[in-house]
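Working notes for the structure below.
The values are calculated or read from the model by the stated rules, or taken from the named source; none is laboratory data. Because the structure is a prediction, the values reported are computed rather than measured. Reconstructed Cβ throughout: ideal geometry from the backbone, glycine too, with neighbour counts over all protein chains shown. Accessible surface is based on the protein model in full, side chains and every heavy atom, while ligands, DNA and RNA are left aside. Shrake-Rupley method; radii C 1.70, N 1.55, O 1.52, S 1.80 Å.
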Amino acid sequence: MTNPTPAVHDRLATLTDTELPAYLYDMTALREHAAAVRAALPERVELYYAAKANPEAEILAALGPYVDGYEVSSGGELAHVAKAVPGRPLAFSGPGKTPAELAHALELGVERFHVESLHELHVLAALAARTPSDAAGGAPRPGVLLRFNLPLAAASLEGSSLAMGGRPTPFGLDPAEADTAVRLLTDGTYPQLRLLGVHAHLASGLDAPEQLAVAESIVTWAADLAGRHRVRIAEVNVGGGMSVDYAAPERRFDWTSYGAGLARLADAHPDLTLRIEPGRALTAYCGWYATEVLDVKRSHGEEFAVVRGGTHHMRTPATKGHDQPCTVVPVSEWPHPWPRPAAATERVTLTGQLCTPKDLLSRDVPAPGLRAGDRVAFGLAGAYAWNISHHDFLMHPRPGFHFLTPEPTA
Ligand SMILES: *Cc1c(COP(=O)(O)O)cnc(C)c1O
C-alpha cells in the first residue's frame, strides 16, 4: 500500500470520471525527496539525473536546484532536455548513438560523452575534428568518459533486477579494449577529445551496501587503469540503479549510508570527481496513476476489477512482473438504478481495458467490497511508467497530466 499525498488525494477528488485516468505528480514531494538525496551526498559527489526515468519537462525543471546535470541516452532526450533545462551540463550516454546524434551533441556543446565502443570513439573523434573548438578560445574540447562493462564479483549483482554489466551485454566497452581506448585519447591520435574518465552503469535495483561495493570496485579499477597508463582520470561515474522496492514502498534506498560510504571513497581518492546518475529512485515516489473502477466481476472463483486505463499507460507492472502498489479511494455515489458491481471476497485483481491477459496492474489486492465507481491510485508511478508504455495499442484516450504545486499564498 502507498497512500497518496494530501495534494494527490485532493486533486483526485476534484477530477470527473472522464478526466481519469490521470497522472498526478506531487511536485513538492519530488522537491523534498531530491533535496534529501542531495543533502545525504557529500558535497564533492556530483548528482546527475538519468532523464529516461521520467523526462517530463516539469520534472526536469523541478530537479534543477538539486542536480549537477542530466544524463541523456538518445538524440531525442538530448534535444528535449537541452530545451527543458537550458544551459545545464549534459552527459550523452546510450549504445548505438548515430553520427547525426553525436554531431548534434557536439554542436550543442555537450560537455561529456559516455563512449560505448571503439567505433563510437572513432566516429566522435572524426566529427569533433570538423567541429570548431578550443583553439579560438571557444568551447573546451569535448570530454570523454569511457563506459566499461566491468567484471564484478557476482555477489554484488545478486540483488539486481536488471544487470547491464558483469556479464555479456551490448553496453560499454569490454575491459580488454581499455588500453587501446585510453591510448587513442592520450597518445596524440585524437587531440580533439579529452579523456575525462570512466563510466559504468552495471545494474539496477541494488541496495546501498551493494551499490557501494559496486562503486568501490569501479573506482579501484579506474585507478588501476590510470596508474598503468600514467594518465590522469579525473572523473568516475558509477551509474544509477538505486533500488526502488515496489513490494514495500516505504523501504526506500538508504541514501544516508550510501552518502557516508561515498564520502569515504571520495576521501580515499581526493583528486577524483565521483558522480552518480540515478533515475528511478529520484522520481518514482512523486507520481501516481489514478483512475476509477469500471466493472467488478467474478471469473472461475477469482475476482477482477477492470479499471479505466491500463498497462498501455503504465507498463511498469507488466515489464517488471510485479504488482503496482495501490490505494483504493472509495466513492459513495452510484448513479444507476441497477445493482452496483462489488467484490464479494477479500482480494481483487486489478486489470486494465486492454484485450490481453497481460494487462495486469496489481494482483490479489486486499480490497474487500471494492465497487464499480470507486477510485484507485497506483503509487510509485513517477518513473518508467507513462514514458515506457505502448500508448497507441487499442487507441484508448490518453491520461491527463497534473503537476501539483502548492497554491501561491497571497
Ligand atoms: C537507465 C540508466 C541510468 C538510470 O538507472 P536507474 O535504474 O533509473 O537509476 C543511469 N545510467 C545509465 C547509463 C542508464 O542507462
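Among the conditions (1) within 15 Å of Ala178 (Cβ to Cβ); (2) in a loop (DSSP other than H, G, I, E, B), Ala223 misses just one, which is (2). Out of Ala200, Ala222, Ala215, Ala208, one residue alone is modelled with pLDDT of 95 or more and touching a Lys or Arg at 6+ places or on another chain (Cβ under 9 Å). It is Ala200. For region 6-83, the helices (runs of 4 or more DSSP H) that sit wholly inside it and include 1 or more residues that are among the small types (Gly, Ala, Ser) and within 16 Å of the ligand (Cβ to nearest atom) are 27-40. Within the option set Leu195, Leu184, being in a strand (DSSP E or B) and touching a residue at least 40 places away in the same chain (Cβ under 8 Å) holds for one residue only, Leu195.
Considering region 390-410, the residues that are in contact with a helix residue (DSSP H, G or I) (Cβ under 8 Å, 6 or more places away or on another chain) and part of a loop (DSSP other than H, G, I, E, B) include one that is nearest to Ala62 (Cα to Cα), namely Thr405.
For the condition within 16 Å of the ligand (Cβ to nearest atom) and buried (at least 17 other Cβ atoms within 10 Å of the Cβ), what is the one hit in Tyr246, Tyr190?
Among Tyr246, Tyr190, only Tyr246 is within 16 Å of the ligand (Cβ to nearest atom) and buried (at least 17 other Cβ atoms within 10 Å of the Cβ).
Within region 265-298, the residues that satisfy the criterion of being farther than 27 Å from His201 by Cβ and either within 16 Å of the ligand (Cβ to nearest atom) or surrounded by fewer than 24 Cβ atoms within 10 Å (Cβ to Cβ) (or both) are Glu292, Leu294, Asp295, Val296, Lys297, Arg298. Checked against (1) within 16 Å of the ligand (Cβ to nearest atom); (2) among the small types (Gly, Ala, Ser); (3) open to solvent by 20 Å² or more (accessible area, probe 1.4 Å), Ala223 meets all criteria but (1). Scanning region 317-350 for residues that are closer than 17 Å to Thr291 by Cα and either surrounded by fewer than 21 Cβ atoms within 10 Å (Cβ to Cβ) or outside the structural domain of Phe393 (by TED's automatic domain parsing) (or both) gives Asp323, Thr327, Val329, Pro330, Val331, Ser332, Glu333, Trp334, Pro341, Ala342, Thr349. A residue that is hydrophobic (A, V, I, L, M, F, W, C), touching a Lys or Arg at 6+ places or on another chain (Cβ under 6 Å) and part of a strand (DSSP E or B) cannot be found anywhere in region 269-284. The condition of being more than 21 Å from the chain's Cα centre (by Cα) and open to solvent by less than 70 Å² (accessible area, probe 1.4 Å) holds for only one of Leu404, Leu380, Leu361, Leu370, that being Leu370.
Annotation: of all residues in region 232-243 being within 10 Å of the ligand (Cβ to nearest atom) and of a type in the set (A, V, I, L, M), the one that is farthest from Ala263 (Cα to Cα) is Met242.
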